[in-house]
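I have placed the structure first, in the form of structure tokens, so that the comments after it can refer back to it.
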Amino acid sequence: MRRITSTVAMMAGVTLLAAACSGGGGSTSAEESPSSSAAAEPSASESAPPVRGDEELVIWTDALKLDAVRAVADQFAEDNGITVGVQAIVNTRTDFITANAAGNGPDVVVGAHDWIGQLVQNGAIDPLQLSAADLGGYAENAIQAVTYDGQIYGLPYGVEALGLYCNKAYAPDTYASLDDVIAAGQAAVDAGQVETSLNVAQGDVGDAYHMQPILTSMGGYLFGQNPDGTYNPEDLGLASPGGLAAAQKIFDLGEQGSNVLRRSISGDNSIALFAEGRAACLISGPWALADVREGLGEDGYTLQPIPGFAGQQPAQPFLGAQAFYVAANGQNKTFAQEFVTNGVNNAEGMTTMYELANLPPALTEVRQSIAADNPDFEVFAQAADNGNPMPAVPAMAEVWAPLGQAYSAIIGGADPASTMQQAQDTIAAAIAAS
Amino acid sequence: MSTVAPATGTAGAATSTRRPGRGGDGVDPSRAAVRRRRWWKEVGWRHVVGIIAVVYALVPVVYLLSASVNPIGSVVSTDLFPTRVSLGNYADLFNNPSRPFARWFLNTLVIAVVVVVAQLFASSLAAYAFSRFRFTGRRGGLLTLLLIQLFPQFLAAVALYQMFTGIGEVAPAIGLDTLPGYILVMMGGALGQVWLIKGFFDSIPVELDEAAKIDGAGHAQVFFQVILPLVRPILATTGLLVFVGVFGEFILASIFLRETEIKTVAVGLYGVLDADRSNNLGWFAAASVIVSIPVVLLFQYLQKYIVGGITAGAVKG
Amino acid sequence: MTIAPDKTVSPPPDRSRPRPTWTATATSGVLPLVVKIVLLGLAAALAVSVTPALVRSGSWVFLGGVWAIVVVLLAVYATKRAVPLKYLVPGTLFLVVFVVYPILMTAQLSATNYGDGTRNTKEATVARIIGASAVQVPDAPSYTLAVGTTGSVDTGPFTFFLVDEATGDAYAGDDEGLTPLDADEVTITDGTVTEAPGYTLLTRSEINDAGQAGGELEGFTVPAGDNSVIRQQGFSAIELTSPLVYDEATDTITNTETGVEYTPQRNQNGDRSYFTAEDGTRLSDQSWGENVGFANYVRAFTDPAISRDFVGILVWTLVFAVGSVGSTFALGLFLATVLNDPRMRFQRLYRSLLLLPYAIPGFISLLIWSGFWNRDFGLVNDLLGLDVNWFGDTTLARIAILLTNLWMGFPYMFLVCTGALQSIPSDLKEAASLDGANGFTQFRKVILPLLLVAVAPLLVASFAFNFNNFNAIQLLTEGGPFSPENPTAGGTDILISYTYRLAFGTAAQQIGFASAISVLLFILTGLLAAAQFRATRSLEDVN
């Protein structure tokens, strides 16, 4: 999630490259080739060097989750007497869409729930049928996150949401409002103890993900919600009164105001500055924990859900769920379905995922069992409880860049109301045209 | 200046091998001062320029080195000169099974060597034809070649992906996710060095080949035994360019090479940095330093060819 | 032309060479001939060996290509004619197969709507939409699954042996329907049927294999209720029903529960259709692949967002490309000239050190440099004692990009110029000096023209490279800074970064549209390069 900016950086370049299937024109040949290649396979595989996909279950994930996924996959392989291959893919999402369409993708893919819209749009993943008993074991909004068009598409194993870290030396309390947090941080800045008061990663192109708590606390929203909890891309709330109030707040906190929010603080340095004791507080997710603990010591920091601004709404960060998906065109669907619906869908598998992927677990049983040992994760789990699932609708793709740019411009001193209105108009036009 | 020029070869060499300004050896001090002034005027200022340029070139490199020995390895903790030094990042390069750097490095070297040799061979052949033969379509061919080279191959990545998906079904050994397949794609630039090499061929007197032909050599012999030895400098230069190009190629490699074991350093490194940019900088920097070494070594080795120049080649040949 | 028209430049051609070299090789031309025959034979053998596989999979284009290559190779190398072709063919083959053909395919893609949501055929899309609407029948049991066969484990016929997970009742299911089994008909261990007399039970791997694409078990269902089937999910089975029905004749998907009908409707961009209800509600985000003719080109020329920003971006793209080439060449040439002096010591050291920026792969340099320009924590402000927000202002950001590109590019030019300078015979320089030319005149009148001839193609190639230098922009500024009025075009966007943002946004891929843009960029780059060549007339010189 924090990799949104850096991912976006290469996305445009790589997405286009990484896209292919059986061509726009030629249609029916795509159906013929898999069977014929399967027929040719035995003779070919004898002489050819090992090719990806030989295993009876192939799973794609990113480099960070590789060890965790490999552990649960190996267990599954042992239980079923099969071979598995787990591969770390740089651009997991786009490469998966591409490869799946071309018929040489994996059987299972692991990734964030906000991929679902795009994956479904491309017919790349299958819905899962889970029993009520299975579903009941998971955090309710994690299940909501992986639900799309009324179907469950992924099995969530971890949840992510932003929380508030503070350096105990400068901001030791548990704060009831962001104003208090900023006041404490600014005092430390004024005293020359730290360089920045509250790190919110934005950078020069902005970061809508990290700004979401501030937007929601001032009453703004991205998409309105239908009665059933799904998002309605036609109801945009950036230029709503709450959205405009948030824009004004961002301006006041920006470089022309109190200089709390700065474009020089980006995903590249936000966490590191805090971990080195050069920032009083930090808005970040569970991925920052290891660095913070290493930099400030086990007792050097506090962690709490992000409070709202005084007298305003509570801050609602985005909830992100990490999940397993069954590929629509996978070679080994049976094992893929079994792996996702049974292989990892239990306390042992989810505990392994928690231990190696280092995310707050989505399975309530595991969450409870570790709450005492790992209070920080419990805080993040609570933050996730308060959060709203990041919209998975494809329309979201039209939101990130313009909204981030608008935030960045406002921090730099652009007129808040008109900038926010512009961003909303741009997003609305893009959604309408698609 | 004009009167000095013919003599500089010896005089300059003499001064520069002895430290100027030492005076000494009973030489008249005023002559030493003149000599020093002349040294500054002719050679010394060049060193000043060179040193400034080196500083400009090296600051980011020093930063990279500093980051590579920074045990914390984060962006903000890295300064130009390291305060804490540890070789942990380098050790981790070779001890982390989920990031098999050594394997990536080896893959890249193999690809680079094959592509360099093949591209140089194909390019020199074509350059020879363009330089020495007159045939219809020659001019058009040269221009077309340039035009096609202008098309960034990565724009056609979608098409290449589809193509290699098809190839992989028939011949898995050269399909997607194989080193030979990726090498083939890189061979799309087989004629990328034609223009540069041809320019150099043009500067070799045609009399050389004509004389050889009079002596009974065929066109192939002229090419392999007369011309090629003479153009070593340009082969060295272009070879280095191709080598560096292969090391830096990222976009196509990221699509073609997915299996951890067959990635190139570019894909592998980017994946690591992308996963956690602020933290993996140290690891990334250490890897970058190692990756740069072959290019530096290659350049050291090739310098004598690049610098040797054509006349030296002719004499040796 | 030749750089050295004077014979004295090179040693007298052949006096020092032993004649026998030529005659020896010329008469013993057997080895080359053998090599030639072996290589040609190998090529033909390879073509023969892949032919059956290609015929089987019906890859006729591929097959034709392979044999065309063999024919070309034979025609060129088996005869004594067409000598230039013998030299041109190896590289040209690679160029045609791996560059030209993909370019043509890109042009073909540009006439389609290929991209996110349109990767599948219409039939596949309809099947996916209906499949994705299937839900478990409320209160229906779920079963453990075993698969048995009376025939082969590969081809069936298959029977599902199901055990109700709640009640433990066993059933047999085939395409006829579900049959209850008595407890003594099968053996049940741990809730799963483990033995069924008369049947061979499949192992898990066999079930998986039979369920692969094209396998007999793929899509195997057991009819259950009125509108529901029992289907496998892993090694369980569940009862599913879908409310959607597709009528091919009217091209309509009907929801049988709500009665709403969905028919294909065009979107605003005009490149795809969605199943849409009368009130405008889309049934699904999935569309399908179509040929759209020139629609992508029309959009590129008529999209108001594109035409509004185009000129400004084109100008900056040209400034960026010319500036990058000019600055790197100027610095590279200057350093090459200054350091390429026989009197200088440490030349090798200088060259080696100056090459270092080039030894670091480009994307690494860009990633490192992007951090250098940070206002508060970057190296540039730090070292120079400035407080400048480089990427926050368009002009400054452009300067920063050019300076970064200068650092990355000058070693290349330095190397090339050094090589070229070395290739200029020193006799020529000395001759010029004897003629009374001073240093600079000598450089300008004698060396520079020769050098330019040698490197002009490189400058043009470098221009073209920078014209489309996507990485330099994307990894440094991502096109920013963006002004509030215009979030689609950033201050440092060049054409390629700008159009790709338009085409892809951040995630939604429009490959067809992007291919059209690629083709247009290709044409534009080519025209500019041709114009440059005309201007420099270097081609005329080279001839």
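Take A:Asn329 and tell me if it is polar (S, T, N, Q) and surrounded by fewer than 21 Cβ atoms within 10 Å (Cβ to Cβ).
Values: polar (S, T, N, Q): yes; surrounded by fewer than 21 Cβ atoms within 10 Å (Cβ to Cβ): no.
Against the criterion (polar (S, T, N, Q) and surrounded by fewer than 21 Cβ atoms within 10 Å (Cβ to Cβ)), A:Asn329 does not qualify.
Quickly run through the range A:273-287 and pick out the residues that are facing chain B (nearest Cβ under 8 Å) and either among the hydrophobic types (A, V, I, L, M, F, W, C) or within 13 Å of A:Thr302 (Cα to Cα) (or both). First the steps, then the outcome.
Going through the range A:273-287, the residues facing chain B (nearest Cβ under 8 Å) turn out to be A:273, A:275-276, A:278, A:287.
Scanning the range A:273-287 gives A:Leu273, A:Ala275, A:Trp287.
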Restricted to the range C:192-219 and to residues being assigned to a loop (DSSP other than H, G, I, E, B) and away from every other protein chain (no Cβ under 11 Å), the residue modelled with the lowest pLDDT is C:Glu216
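Do you know which of the residues in the range C:133-150 that are within 11 Å of chain A (Cβ to nearest Cβ) and in contact with a Phe, Trp or Tyr (Cβ under 9 Å, 6 or more places away or on another chain) is surrounded by the fewest Cβ atoms within 10 Å (Cβ to Cβ)? It would help to see each step written out before you state the result.
Filtering the range C:133-150 for residues within 11 Å of chain A (Cβ to nearest Cβ) gives C:133-142, C:144-145, C:147.
Add one more test, that the residue is in contact with a Phe, Trp or Tyr (Cβ under 9 Å, 6 or more places away or on another chain), and what stays is C:144-145, C:147.
Details: C:Thr144: 19, C:Leu145: 24, C:Val147: 27.
Restricting to residues being within 11 Å of chain A (Cβ to nearest Cβ) and in contact with a Phe, Trp or Tyr (Cβ under 9 Å, 6 or more places away or on another chain), the top hit is C:Thr144.
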Does C:Leu383 count as touching a Leu at 6+ places or on another chain (Cβ under 9 Å), of a type outside the set (Lys, Arg) and farther than 17 Å from A:Ser408 by Cβ? yes
With a cut-off of at least 1 residues that are among the charged types (D, E, K, R), within 27 Å of C:Thr144 (Cα to Cα) and in contact (Cβ under 8 Å) with a residue 40 or more places away in the chain, name the helices (runs of 4 or more DSSP H) lying wholly within the range A:74-148. A:132-136
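Quick test for you: out of A:Gln144, A:Gln186, A:Gln202, pick the one residue that is of a type in the set (S, T, N, Q), away from chain C (no Cβ under 11 Å) and closer than 30 Å to C:Gln474 by Cα.
A:Gln202
Among what's in the range A:203-250 and is among the charged types (D, E, K, R) and either more than 23 Å from A:Glu160 (Cα to Cα) or surrounded by fewer than 22 Cβ atoms within 10 Å (Cβ to Cβ) (or both), pick the residue that is farthest from the chain's Cα centre (by Cα).
Restricting attention to the range A:203-250, the residues satisfying the condition of being among the charged types (D, E, K, R) are A:204, A:207, A:228, A:234-235, A:249.
Filter again for either more than 23 Å from A:Glu160 (Cα to Cα) or surrounded by fewer than 22 Cβ atoms within 10 Å (Cβ to Cβ) (or both), leaving A:204, A:228, A:234-235, A:249.
Numbers: A:Asp204: 21, A:Asp228: 22, A:Glu234: 23, A:Asp235: 23, A:Lys249: 25 Å.
Across the range A:203-250, the extreme among qualifying residues is A:Lys249.
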In the range C:295-399, which helices (runs of 4 or more DSSP H) lie fully inside it and hold 1 or more residues that are in contact with an Asp or Glu (Cβ under 7 Å, 6 or more places away or on another chain)? C:295-302, C:304-339, C:362-372, C:379-384
Among the residues of the range B:75-89, is any outside any loop (DSSP other than H, G, I, E, B), over 24 Å from the mean Cα position of the chain (by Cα) and in contact (Cβ under 8 Å) with a residue 12 or more places away in the chain? yes
Test for A:Tyr165: is it part of a loop (DSSP other than H, G, I, E, B) and of a type in the set (Phe, Trp, Tyr): no
Single residue of the range A:298-349 satisfying the filter (of a type in the set (Asp, Glu) and outside the structural domain of A:Asn167 (by TED's automatic domain parsing)) that is farthest from the chain's Cα centre (by Cα): A:Glu338
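Take the range B:125-145 and flag every residue that is in a loop (DSSP other than H, G, I, E, B) and either facing another protein chain (nearest Cβ under 7 Å) or buried (at least 19 other Cβ atoms within 10 Å of the Cβ) (or both).
Of all residues in the range B:125-145, those in a loop (DSSP other than H, G, I, E, B) come to B:133-137.
Correct list: B:Phe133, B:Phe135.
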Determine which member of the set B:Phe247, B:Phe223 is in the same structural domain as B:Val291 (by TED's automatic domain parsing), part of a helix (DSSP H, G or I) and within 27 Å of B:Thr165 (Cβ to Cβ). B:Phe247
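Yes/no matrix, rows are residues, columns are (1) more than 8 Å from chain C (Cβ to nearest Cβ); (2) surrounded by 22 or more Cβ atoms within 10 Å (Cβ to Cβ); (3) out of contact with any Cys (no Cβ under 8 Å at 6 or more places or on another chain); (4) hydrophobic (A, V, I, L, M, F, W, C):
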site: B:Ser123; (1), (2), (3), (4): no, yes, yes, no
site: B:Leu147; (1), (2), (3), (4): no, no, yes, yes
site: B:Phe151; (1), (2), (3), (4): no, yes, yes, yes
site: B:Tyr161; (1), (2), (3), (4): yes, yes, yes, no
site: B:Pro180; (1), (2), (3), (4): yes, no, yes, no
site: B:Leu208; (1), (2), (3), (4): no, no, yes, yes
site: B:Gly218; (1), (2), (3), (4): no, no, yes, no
site: B:Val222; (1), (2), (3), (4): yes, no, yes, yes
Exception for B:Gly189 within (1) farther than 27 Å from C:Leu54 by Cβ; (2) within 9 Å of chain C (Cβ to nearest Cβ); (3) touching a residue at least 12 places away in the same chain (Cβ under 8 Å) falls at (1)
Any residue that is in contact (Cβ under 8 Å) with a residue 40 or more places away in the chain and more than 30 Å from C:Ser370 (Cα to Cα) - is there at least one of those in the range B:91-109? no
Give the range C:448-487 a look and list any residue that's more than 30 Å from A:Gln424 (Cα to Cα) and β-branched (Val, Ile, Thr), or say none. C:Val453, C:Val455, C:Val460
C:Val83 being at the interface with chain B (Cβ under 7 Å from one of its Cβ atoms), closer than 25 Å to B:Trp195 by Cβ and surrounded by fewer than 20 Cβ atoms within 10 Å (Cβ to Cβ): yes
Do we have any residue at all in the range C:170-177 that's in a loop (DSSP other than H, G, I, E, B), touching a Ser or Thr at 6+ places or on another chain (Cβ under 6 Å) and either hydroxyl-bearing (Ser, Thr, Tyr) or without any contact (Cβ under 8 Å) to a residue 40 or more places away in the chain (or both)? no
Identity of the residue in the range C:458-493, buried (at least 22 other Cβ atoms within 10 Å of the Cβ) and of a type in the set (Asp, Glu), that ends up nearest to the other protein chains (Cβ to nearest Cβ): C:Glu478
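When you scan the range C:61-132 for helices (runs of 4 or more DSSP H) that lie fully inside it, which ones turn up with 2 or more residues that are touching a residue at least 60 places away in the same chain (Cβ under 8 Å), under 30 Å from C:Val298 (Cα atoms) and in contact with a Phe, Trp or Tyr (Cβ under 6 Å, 6 or more places away or on another chain)?
Here the list reads C:122-132.
Kindly evaluate C:Val311 against the criterion of being crowded, with 22+ Cβ neighbours inside 10 Å and more than 12 Å from chain A (Cβ to nearest Cβ). Write out each step before concluding.
Details: crowded, with 22+ Cβ neighbours inside 10 Å: no; more than 12 Å from chain A (Cβ to nearest Cβ): yes.
Against the criterion (crowded, with 22+ Cβ neighbours inside 10 Å and more than 12 Å from chain A (Cβ to nearest Cβ)), C:Val311 does not qualify.
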Any residue at all in the range B:47-55 that is more than 12 Å from chain C (Cβ to nearest Cβ), at pLDDT 85 or above, surrounded by fewer than 19 Cβ atoms within 10 Å (Cβ to Cβ) and part of a helix (DSSP H, G or I)? no
Within the range C:103-121, how many residues turn out to be within 11 Å of chain A (Cβ to nearest Cβ) and surrounded by fewer than 24 Cβ atoms within 10 Å (Cβ to Cβ)? 5
Log entry, pairs with first residue in the range A:402-427 being touching a residue at least 40 places away in the same chain (Cβ under 8 Å), second being charged (D, E, K, R) and in a helix (DSSP H, G or I), beta carbons closer than 6 Å, six or more apart or on different chains, reads A:Ile427/A:Glu398
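The values are calculated or read from the model by the stated rules, or taken from the named source; none is laboratory data. These numbers come from a predicted model, not from an experiment. Note that we place each Cβ from the backbone using ideal geometry, even for glycine, and neighbour counts take in every protein chain shown.
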